[in-house]
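The structure appears below as structure tokens.
The values are calculated or read from the model by the stated rules, or taken from the named source; none is laboratory data. All values derive from a computational prediction rather than experimental measurement. Positions of Cβ are generated from backbone atoms using ideal geometry, with glycine treated the same way; all protein chains shown enter the neighbour counts.
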């Protein structure tokens, strides 16, 4: 039988050489995908899709570029011409549909199409407006 200190010395030699490395578990990295999916709209087809916000996307139906609307965008029905026109005008003016939680004092978006032009004119520094 060997002495305990001799066994310990041999184990240290094995570790230093690399013979006693214990391999870790084989874990396959889990890819979750995008952190958030954001509403993108096609104003020609009047449809929306949830896509990642990290790049440009095209409409699967017509091939035109999709407009990044924001996470809180509510898609109007295809027959609601005024609501789609309202969304298009707000988007063209630089407004995006994000959460108002951080900006409770900000004026909410207009309900009707006829209110959009006045809303855009008086909200040049609105927190939901992109700086273009």
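Key figures for this structure:
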read-out	value
Any hit, the stretch 48-64, residues being within 11 Å of the chain's Cα centre (by Cα), surrounded by 15 or more Cβ atoms within 10 Å (Cβ to Cβ) and in a loop (DSSP other than H, G, I, E, B)	yes
Number of positions in the stretch 114-130 that are at pLDDT 90 or above and surrounded by fewer than 16 Cβ atoms within 10 Å (Cβ to Cβ)	9
Residue within the stretch 5-16 that is in contact with a strand residue (DSSP E or B) (Cβ under 6 Å, 6 or more places away or on another chain) and either surrounded by 10 or more Cβ atoms within 10 Å (Cβ to Cβ) or without any contact (Cβ under 8 Å) to a residue 12 or more places away in the chain (or both) present	no
Options 95, 109; residue that is touching a helix residue (DSSP H, G or I) at 6+ places or on another chain (Cβ under 7 Å), crowded, with 17+ Cβ neighbours inside 10 Å and more than 19 Å from residue 35 (Cα to Cα)	109
Hits in the stretch 1-47 (condition: assigned to a helix (DSSP H, G or I) and at pLDDT below 80)	4
Residue that is surrounded by the most Cβ atoms within 10 Å (Cβ to Cβ) [pool: residues in the stretch 30-44 that are free of Cβ contacts under 8 Å to residues at least 24 places away in the same chain and over 15 Å from residue 91 (Cβ atoms)]	37
Enumeration of residues in the stretch 88-110 that are part of a helix (DSSP H, G or I) and either free of Cβ contacts under 8 Å to residues at least 24 places away in the same chain or within 16 Å of residue 126 (Cα to Cα) (or both)	89, 90, 91, 92
